[in-house]
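Structure first, commentary second.
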Amino acid sequence: MDLVSRAPLLVLASVVSVQVGQAFGKRAFDLLEPAGVVTLRLGLAALVLLAVLRPRPPTDGRGLGLVVAFGTAIAGMNLVYPAMRYLPLGVAMSLLLLGPLTVALAGSRRPLDVGWALVAGAGVLLIGDGGGPLPVAGVLLALGAGVAMGCYLLLSRRAGTAAPGTLALAVAWAAVLSLPFGISASGTDLLRPSALATGLLVAVLSAVLPYSLDLAALRRLPPRTVGVLQSLEPVVGALAGLVLLAEVLDGWQWVAIACITAASAGAVFTPPRAGGTRCPDRGGTRGSAPGARARPSPSPRSPRPPRTPGAGPAPRGAPPPPRRAGC
């Protein structure tokens, strides 16, 4: 099995790892406030990534801007932790997924995408019906994390092709942003051995592994495929909450999670219109993952023209076709 065929497994492993890690993070609320859990999660994840990747600081404004933007998005995604104080894990992840779904639907004029938006809206309406209205604070925090996740996915494409240390530096910046809130909420409890051990477990499962696997997958898969696989997160989160946290959802909440998951997968997977052909990559392939090596389409070989003395090397073939307008 080559690297490309294994790439979907990387995404699925990332989905399972982050949901199991977040379930352990919610269990850590017995030891720390949610902001303290976030601080340990990001801080310890940053230390691991910095030790492994040993990144060099960016030398230009563009690289520095990517680190700051990517790290800020990562920090914002962690709003899901205080949201989980009010909401079950599966419900929080369903609301979180609305951010990437909105990104996928933004600017689309296809009637089918309107249908997917209606399916997602039905899921939102159903998700709180079974157990009564959802706490407003939890909903707002989860939606804020969803906005940050949408930004994270957009920036992941650039981060996946940037310097190898971009991820480590971004997580370190996210940890710096979270530090004042963690200290204010949990104080010296952050240094307790039990809290540090739990924080390290959460950091590895929900940050180090998922972020690394996501970037590795985005180098080998189109973002559309990654988005479809990541749409399984609410379902996996609900199962992790059931197994690890004993969070039992009612039938309507499961239907709501299924609606939001289906809407996300459908919006990402639905092919573009026939007239909206993607621009080819530099190597000639369409829709290849960022960072993947381009493979030119096969063409019949033509015999090389005979060489004449002093004429230099023979030409390698016809020049590449011109880029289409707008590419």
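The values are calculated or read from the model by the stated rules, or taken from the named source; none is laboratory data. Please read these numbers as outputs of a predicted model, since none were measured by experiment. Reconstructed Cβ throughout: ideal geometry from the backbone, glycine too, with neighbour counts over all protein chains shown. Accessible surface is based on the protein model in full, side chains and every heavy atom, while ligands, DNA and RNA are left aside. Shrake-Rupley method; radii C 1.70, N 1.55, O 1.52, S 1.80 Å.
Within the range 22-43, does at least one residue satisfy the condition of being within 16 Å of the chain's Cα centre (by Cα) and of a type in the set (G, A, S)? No.
Here's the yes/no breakdown for (1) β-branched (V, I, T); (2) touching a residue at least 40 places away in the same chain (Cβ under 8 Å):
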site	(1), (2)
L9	no, no
E33	no, yes
P57	no, yes
L64	no, no
T72	yes, yes
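The set of residues from the range 156-193 being over 26 Å from G61 (Cβ atoms) and small (G, A, S) comprises G182, S184, A185, S186, G187.
The rows are residues; the columns are (1) under 24 Å from D214 (Cβ atoms); (2) aromatic (F, W, Y).
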position	(1), (2)
A75	yes, no
A83	yes, no
R110	no, no
W116	yes, yes
A122	no, no
G146	yes, no
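Any idea which residue in the range 16-26 is modelled with the highest pLDDT, counting only those that are among the aliphatic types (A, V, I, L, M) and crowded, with 22+ Cβ neighbours inside 10 Å? Only one residue fits best here, namely A23. In the range 156-203, of all residues being under 24 Å from V20 (Cβ atoms) and polar (S, T, N, Q), the one that is surrounded by the fewest Cβ atoms within 10 Å (Cβ to Cβ) corresponds to S194. Of all residues in the range 27-46, those satisfying the criterion of being crowded, with 24+ Cβ neighbours inside 10 Å and farther than 22 Å from A168 by Cα are L32, P34. Within the range 204-226, how many residues are over 16 Å from R6 (Cα atoms) and either open to solvent by less than 10 Å² (accessible area, probe 1.4 Å) or of a type in the set (S, T, Y) (or both)? Matching residues across the range 204-226 total 3.
Applying a threshold of 8 Å to beta carbon distances and a minimum spacing of six or more residues, or different chains, the list of pairs starting in the range 79-105 at a residue that is under 17 Å from V236 (Cα atoms) and in a loop (DSSP other than H, G, I, E, B) and ending at one that is of a type in the set (S, T, N, Q) and open to solvent by 10 Å² or more (accessible area, probe 1.4 Å) reads P88/Q253.
Just one of the numbered conditions (1) modelled with pLDDT under 90; (2) closer than 19 Å to L96 by Cβ; (3) within 15 Å of the chain's Cα centre (by Cα) is not true of G146; which one? All conditions pass for G146, except number (1).
Suppose we filter D30, D60 for residues that are out of contact with any helix residue (DSSP H, G or I) (no Cβ under 9 Å at 6 or more places or on another chain) and within 30 Å of A163 (Cβ to Cβ); which single one remains? Step by step, each of D30, D60 is checked, and only D60 is out of contact with any helix residue (DSSP H, G or I) (no Cβ under 9 Å at 6 or more places or on another chain) and within 30 Å of A163 (Cβ to Cβ). Of everything in the range 47-97, what is buried (at least 24 other Cβ atoms within 10 Å of the Cβ), polar (S, T, N, Q) and at pLDDT 90 or above? Give them in sequence order. Correct list: N78 only.
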